Each structure stands twice: as structure tokens, then as C-alpha cells.
1. Can you tell me how many residues within the stretch 296-331 are more than 27 Å from D187 (Cβ to Cβ) and in contact with a Ser or Thr (Cβ under 8 Å, 6 or more places away or on another chain)?
2. Any residue at all in the stretch 245-264 that's surrounded by fewer than 19 Cβ atoms within 10 Å (Cβ to Cβ) and on the phi > 0 side of the Ramachandran plot?
3. Do you know which residues across the stretch 267-291 are under 26 Å from A142 (Cα atoms) and either in contact (Cβ under 8 Å) with a residue 60 or more places away in the chain or polar (S, T, N, Q) (or both)?
4. Just the residues that are among the hydrophobic types (A, V, I, L, M, F, W, C), within 25 Å of V261 (Cβ to Cβ) and surrounded by fewer than 14 Cβ atoms within 10 Å (Cβ to Cβ), please, taken from the stretch 180-222.
5. Of all residues being crowded, with 16+ Cβ neighbours inside 10 Å and part of a loop (DSSP other than H, G, I, E, B) in the stretch 286-312, which is farthest from the chain's Cα centre (by Cα)? Just the residue, please.
6. From V235, V212, V224, grab the single residue that is in a helix (DSSP H, G or I), touching a residue at least 40 places away in the same chain (Cβ under 8 Å) and hydrophobic (A, V, I, L, M, F, W, C).
7. Could you tell me whether I348 is β-branched (V, I, T), closer than 30 Å to E270 by Cα and at pLDDT 95 or above?
8. Residue check, V218 against (1) in a helix (DSSP H, G or I); (2) in contact with a helix residue (DSSP H, G or I) (Cβ under 6 Å, 6 or more places away or on another chain), all met but one. Which one?
Amino acid sequence: MPVKNRLAEMHGAITKWRRHLHMHPELMYDVEETAGFVVDRLKEFGVDEITPGIGKTGVVAVIKGRQDTQGRVVGLRADMDALPIHEATGLEYASTVSGKMHACGHDGHTSMLLGAAQYLAETRNFDGTVVLIFQPAEEGGAGGLAMCQDGLMERWGIQEVYGMHNMPGLPVGEFAIRPGALLASSDEFEIVVTGKGGHAAAPHDAVDTTLVASHIVVSLQSVVSRTVDPIKRVVLTVGTFETDSVASNVIAHTVRLRGTVRTLDPEYREIAEERVRRIAEDTASAFGASAEMTWTPGYPVTVNTEAETGYAADAAEAVSGRVNDSTDPIMPSEDFAYMLEERPGAYIFIGNGDTAMCHHPEYNFDDDAIPAGCSWFAELVERRLPVA
């Protein structure tokens, strides 16, 4: 694998950073210790500028090339937060914080971008400026949006932006990417069904919300099967079904349903919202109950722009010689989508090997992916900002 020699030399040190972060996971925006670790390393590297507190607890750093003849600026992003999961790996460097775990590899992403930062600060073999983006709260907190709302793109003049995520099941050192929609949007809904509680022995004196809510759950499956173009991708899942009673001989007065809708086609977000609301309200009404639906918009579709996808794929090809540039899109969501809504760019997957899937208590980032990941960031910069 033709990774950068300097980054191959740094592999051991970067692995230590990654395992330190793995042992000390933090959630959402509460990543002060992680952000402090990032700032300390960046100071050691001698980057030109460090600004903490962007998007609440994000860190932005600047590295200037050996020359700047055209005013080009490229952004590179990594996420820092962990998940509220009890780790079950049994590793010697397992999480030291009960109920918190780096179960999605953000410790690896942060460490790989730090490795690339050290290399770029040492070599400065590029013409222009690199902006390093260390983001909090990717896991449900929309930290990417918060950083954009703090003026990330405008303040640092970012012209194109790139990110990377590990992919279990893809061999270590291989890459996968595609132009267009790569990851789905993710919206949430809550439906509260209200009827008339009563005794299980006298259902005729009640309005059975459990029965009503069950009909709603079944009917919601028609949103995908009978509303969506069969060649499009939409997933609707009702994840929770909660009654206000746990007794077997009671008909509940209210039932609360919660679920998500994911799609690769932005137009279906509004369509799905209208259909979920109409099905819930009308089904409940038909049984003499009522339903109130609350829709919470989540992350948008992650859409790679055509040209920048090509640049990212070319850099991956140079690093590993193994890149699938037409990989299938997948239905998880990613708040890097907000950055791609503001600037052209691309998001790429790097192989994590035969490991547990992300968000699993036995997941672990594969440190053997570090040299390739660091090299991709560095190679991309040197190709997008070549020195004449």
C-alpha cells in the first residue's frame, strides 16, 4: 500500500492517540477533554491558527502551504463524539467511562485527521490553505450544522470540503465512494393516540388505543409500498410502542409511537411527513380515537458533488489502488450533509475490515487503517492544492 512514508513512520504514535481517545469517550457537545487533546496536539505540530468553541465545542485549525498564489482553501473534517453504549470488547484500552463508548470509530477519524495535520504542518507541500474541522455531536446533535451556523465556511473561506468514515465489512485500506446521494436523510416522528381507557373485560365501553395504534403501525407500511416510486429508496420504521398501562387487564387510554423515516430522495421527506400524519389521524378517527403527530426534521441526504467525488476517488486510488467509485448508497445518516449543502465536496468510506458493525458494543476501529486514512487526507490536499 503506497501510503506516505512519513505517515507510516507515525503509525505507532497515531495509534496511541486513537487508543487514548477510545479510553476517554465523550458524548454530543460535551467533548471538552477530546477537544483539548486535539488542541494540544495541534499546538505541538505548529499549525498556523487554532480556534476552539466553534459549534459550541468544535475546533478549527489552519495550516498554510509553502505558497499561496491562488487563494485556494480546502476543508477536512473529522467527528469527535462517542455513543451512549456499554462497551463489550474486553480490550485493554476499552472505555474507562461506564455507558460511553467510541462505537462508531470517531476516535479513529479524529486521530487520522490529526496524523494528516502533523504531516501537512511539517511538509507544507501545497499551494493554498487547509482548514481542519474537528466536529462535536455528530451522533444526533447536528454538530455539523452548529459549526456551519457559527460561520465555519464563510469565516475561513472554505471552498470545498471533504470527510471520511470507516466502513466495517470493507477490507482495511480499501475505499468506497459515489457521486450523488451516499447516505440517507433521517427524520423522526411521534404519534400519540388517545382513546378511552377501560377494563379489558369491557372493551365495548372503551376505545382501545392499543388496537388503534396497531392498525396505524400496519398502515404506515403503505407509505413505502404504495406512495414511493419502487425504484426509489425510503425506509419507515416504528421503533417504539408504549402504552400508558402495563397491566394485562387494562385497556390503555393513550399509546405513544416513535419512529424514523429515511430516504435518499429529498422530495420524499415532505411526502412522507404528510402521509404519516394523514394515516395516523384518519385511522384513529375511524376507530373513534384521535392521533396527534409530531414530525422532527433530522439530517438531510448526504450528497457528494460530481467533480469533488472524482478528486476524492483519485486520491484514494493513489493511496491504495483499491477504490470502488460507484458503491451503493446506504440508509444511515450523517451530519456532514450540512457542510455539503454549503460547499461542494465529498464523503468517502475507508475499510475497517471484518469487524462488528458501527454502533455495536463489540465494535472497534481497526488501527491498521490509520496510514491509509491519514495518507488520503494528505494526498487529497497535495492534489487539490498542487505546488507549481
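1. Within the stretch 296-331, residues that are more than 27 Å from D187 (Cβ to Cβ) and in contact with a Ser or Thr (Cβ under 8 Å, 6 or more places away or on another chain) number 2.
2. So far as the stretch 245-264 goes, no, none of its residues is surrounded by fewer than 19 Cβ atoms within 10 Å (Cβ to Cβ) and on the phi > 0 side of the Ramachandran plot.
3. In the first step, residues of the stretch 267-291 are kept if they are under 26 Å from A142 (Cα atoms); the result is 267-277.
The answer is R269, A272, E273, V276.
4. Start the filter on the stretch 180-222 by keeping residues that are among the hydrophobic types (A, V, I, L, M, F, W, C), which leaves 181-184, 189, 191-193, 200-202, 206-207, 211-213, 216-218, 220.
With within 25 Å of V261 (Cβ to Cβ) added as a condition, the list becomes 181-184, 189, 191-193, 211-213, 216-218, 220.
V218, the sole residue that qualifies.
5. F287
6. Just a single option satisfies the conditions, and that option is V212.
7. For I348, the condition - β-branched (V, I, T), closer than 30 Å to E270 by Cα and at pLDDT 95 or above - is met.
8. Unmet condition: (2).
The values are calculated or read from the model by the stated rules, or taken from the named source; none is laboratory data. Here the structure is a predicted model, which is why all the values come from computation and not from measurement. As a convention, Cβ positions derive from the backbone with ideal geometry for all residues, glycine included, and neighbour counts pool all protein chains shown. Each accessible area value is taken on the protein alone, full model and side chains, heavy atoms only, with ligands, DNA and RNA left out. Shrake-Rupley method; radii C 1.70, N 1.55, O 1.52, S 1.80 Å.
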